[in-house]
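Asker: Submitted below is the structure of interest, expressed as structure tokens.
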Amino acid sequence: MTEPEKQLYYPFSRFLRNRFGCRIYKLSLHAGFSCPNLDGEKDTEGCIFCNNRAFSRYADRGTETVKLEDQITASMEFVRKRYKAEKFIAYFQSYTNTYADVSVLRDTFGVIRNFPDIVGLAVSTRPDCIDAEKLDLIGEFTKEYMVWMEYGLQTVHDRSLEFLNRHHTFADTVNALELTRDRNIFAGAHVILGIPGEDRSDMLETADTIAALPVAGVKLHCFHVVKDTRAEDMYCRKKISLMTQNEYTAAAACFLERLPEDCVMLRLVSDADSGQLIAPEWVNNKQDVIRQIERELTRRRSYQGRYCSGE
């Protein structure tokens, strides 16, 4: 009897299918929160790569935020038709989605209870904007929903976090993950590959470190440049260089080899609104990039978790 073929990696789609048995789709939402890196609490410039309009149709600062109920209704209708989705995850994505009092968070996240086809709650936030009280509130939703906290880790290197103008440290991420542990909440980590100033060994150190942390899922991003950011100015003045597609796919394959095989890959590559993207153009060829990562793993006869030394 032959051994079953090793899966190349553990995609979020398979995780959802195994859990719910049907097609699930994430609804990207803008709840009207701000960010301490924009409102003056820590800075007013934001992260050097940040322009929420590049990935969220509702995150247009300076205009009135569309009501959450209307965002959910319109998004559900669209993805039902286009992707044949049956159930949904409410993904609070834009800006910092725990940057408010607990009472505000309770009312905001509670909107999903008006939609029976929503089966999951995902909250994207900075690791320095979470505490036990907020996690207690979010943990209440685990009685009814699958809940993910997605933390903007980006890298384990503080020098790179400083370059990105994040105004938090890797220690903040570790603290957030420890607070999230044992609450029946899935903890996800956003990671950027190709940060200017980092080489392959730096990226792999991030992978090895994450492998030993209480992280249930990882979302990979390629460092890219969008309009109206400090990164755009740096790129136009040739102060930074960006990864080629071949460099990214090789780095992503190496990263996967060092993550536990049961770590869910929430995303393998980022993309951006074509009207906002400056470079590199290849990031919007998302399916082509994913196929190239898969081909690279196949060429190596490798798979997620092959060199994982995490606990």
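The values are calculated or read from the model by the stated rules, or taken from the named source; none is laboratory data. What you see is a predicted model, and the numbers here were worked out from it, not measured in a lab. Please note: Cβ atoms are built from the backbone with ideal geometry, for glycine as well, and neighbour counts cover all protein chains shown.
Asker: Please list, ordered by first then second residue, the pairs with beta carbon atoms under 9 Å, 6 or more apart or interchain, first in the stretch 159-172 and free of Cβ contacts under 8 Å to residues at least 12 places away in the same chain, second β-branched (Val, Ile, Thr) and surrounded by 20 or more Cβ atoms within 10 Å (Cβ to Cβ).
Answerer: Listed by first residue and then by second, the contacts come to Leu161/Thr155.
Asker: Among (1) touching a strand residue (DSSP E or B) at 6+ places or on another chain (Cβ under 6 Å); (2) at pLDDT 95 or above; (3) of a type in the set (A, V, I, L, M, F, W, C); (4) not in a helix (DSSP H, G or I), there is one condition Met203 misses while meeting the rest; what is its number?
Answerer: Looking at each condition in turn, Met203 falls short on (4).
Asker: Another question, if that's okay. List the number of the failed condition for Thr73; all other conditions in (1) farther than 29 Å from Asp136 by Cα; (2) among the β-branched types (Val, Ile, Thr); (3) at pLDDT 95 or above hold.
Answerer: (1)
Asker: Output the strands (runs of 3 or more DSSP E) that fall wholly within the stretch 84-166 and possess 2 or more residues being closer than 26 Å to Thr209 by Cβ, modelled with pLDDT of 95 or more and not aliphatic (A, V, I, L, M), or say none.
Answerer: Once the strands (runs of 3 or more DSSP E) in the stretch 84-166 are filtered for at least 2 residues that are closer than 26 Å to Thr209 by Cβ, modelled with pLDDT of 95 or more and not aliphatic (A, V, I, L, M), what remains is 118-125, 146-154.
Asker: As an exercise: evaluate Cys50 against (1) modelled with pLDDT under 95; (2) of a type outside the set (Asp, Glu); (3) more than 22 Å from Gly188 (Cα to Cα) and give the number of the one condition it does not meet.
Answerer: Only one criterion is unmet by Cys50, namely (3).
Asker: Count, please, the residues in the stretch 121-146 that happen to be farther than 17 Å from Val102 by Cα and either hydrophobic (A, V, I, L, M, F, W, C) or under 13 Å from the mean Cα position of the chain (by Cα) (or both).
Answerer: Of all residues in the stretch 121-146, those farther than 17 Å from Val102 by Cα come to 143-146.
Those still in the list that are either hydrophobic (A, V, I, L, M, F, W, C) or under 13 Å from the mean Cα position of the chain (by Cα) (or both) too: 146.
Matching residues across the stretch 121-146 total 1.
Asker: Right, another one. Just checking, does the stretch 257-275 include any residue being part of a helix (DSSP H, G or I) and either out of contact with any Gly (no Cβ under 8 Å at 6 or more places or on another chain) or modelled with pLDDT under 95 (or both)?
Answerer: Checking the stretch 257-275: not a single residue is part of a helix (DSSP H, G or I) and either out of contact with any Gly (no Cβ under 8 Å at 6 or more places or on another chain) or modelled with pLDDT under 95 (or both).
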